[in-house]
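What follows is a set of notes on a single structure, which appears directly below.
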Amino acid sequence: MSIPWKTAEGAELLLAERAWLRDVASAISRCSKKPVIVNIGVYRCASMYCLRAGAPRARIVGVDIKKPIGKVHSELKAEFIIADSRTCPFEGPVHFIFIDGDHRYKAVKADIANWVPKIVPGGVIAFHDYALTAANLKRRPHLAGVRKAVNRWVARAGWERFRVVESIVGFRRPL
């Protein structure tokens, strides 16, 4: 049985976003002997399947305040940490982190503060629900916290913005 990265439950994660996560994980995996990829906000594991499909030999860690919903595919071979991502004491280094947890401004800001120091030079951080339509924001106004927190952080951080795919934005840490 293969990893269901295209079809795993998680309607909020579009096919182009899934492919982007897979491709970035693959690139990270090619550049590191022991890549570590962290997924904040696991829910149904759709993003984790994408990360695993791109990086079959990586250490993949999911962090969420509760267990994933539904059955976890046996080939996912991931670690799960049930904890608040804003204060999770995970030890680095991290090569790629995908943040899709609590979308409120203070939570995203805290995730940035907790996780950015763990990312290696050349590593990647990506945020889901960054680039949203006006209709999405009207239905779920708390999602505006992602863009606000990310924009304030990156204005000071000097990281390279390298791609936006649908609602995901990614940044690379300078070497």
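Points worth noting:
- Any hit, the range 122-131, residues being under 22 Å from Cys31 (Cβ atoms), in contact with a Ser or Thr (Cβ under 7 Å, 6 or more places away or on another chain) and not acidic (Asp, Glu): no
- Selection count where residues are over 15 Å from the mean Cα position of the chain (by Cα) and closer than 16 Å to Phe98 by Cα, scope the range 122-142: 1
- Filtered residues of the range 50-100 (kept if of a type in the set (A, V, I, L, M, F, W, C) and in a strand (DSSP E or B)): Ile60, Val61, Val63, Phe80, Ile81, Ile82, Val94, Phe96, Ile97, Phe98, Ile99
- Residues that are surrounded by fewer than 17 Cβ atoms within 10 Å (Cβ to Cβ) and either on the phi > 0 side of the Ramachandran plot or in contact with a Leu (Cβ under 6 Å, 6 or more places away or on another chain) (or both), drawn from the range 111-136: Pro121, Gly122
- Listed by first and then second residue, the pairs with beta-carbon distance under 7 Å, at least 6 apart or on different chains, first residue in the range 10-22 and on the phi > 0 side of the Ramachandran plot, second modelled with pLDDT under 90 and of a type in the set (Phe, Trp, Tyr), are Gly10/Tyr43.
Here is a yes/no grid of residues against (1) closer than 22 Å to Asn151 by Cα; (2) under 14 Å from the mean Cα position of the chain (by Cα); (3) surrounded by fewer than 24 Cβ atoms within 10 Å (Cβ to Cβ):
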position	(1), (2), (3)
Cys31	no, no, yes
Val61	no, yes, yes
Tyr105	yes, no, yes
Lys109	yes, no, yes
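- Among the candidates Trp153, Trp115, the residue that is modelled with pLDDT of 95 or more and either in contact with a Ser or Thr (Cβ under 8 Å, 6 or more places away or on another chain) or among the polar types (S, T, N, Q) (or both) is uniquely Trp115.
Table: residues versus (1) hydroxyl-bearing (Ser, Thr, Tyr); (2) crowded, with 20+ Cβ neighbours inside 10 Å; (3) closer than 17 Å to Val120 by Cα.
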{"position": "Ser2", "(1), (2), (3)": "yes, no, no"}
{"position": "Ala19", "(1), (2), (3)": "no, no, no"}
{"position": "Pro35", "(1), (2), (3)": "no, yes, yes"}
{"position": "Tyr49", "(1), (2), (3)": "yes, yes, no"}
{"position": "Ile82", "(1), (2), (3)": "no, no, no"}
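- Filter result (outside any helix (DSSP H, G or I), more than 22 Å from Asn39 (Cβ to Cβ) and of a type outside the set (Gly, Ala, Ser)) within the range 130-175: Thr133, Pro174, Leu175
- Any hit, the range 110-129, residues being assigned to a loop (DSSP other than H, G, I, E, B) and in contact with a Lys or Arg (Cβ under 9 Å, 6 or more places away or on another chain): yes
The values are calculated or read from the model by the stated rules, or taken from the named source; none is laboratory data. Note that this is a predicted model, so its numbers are computed, not measured. Cβ sites come from the backbone with ideal geometry, for glycine too, and all protein chains shown count toward neighbours.
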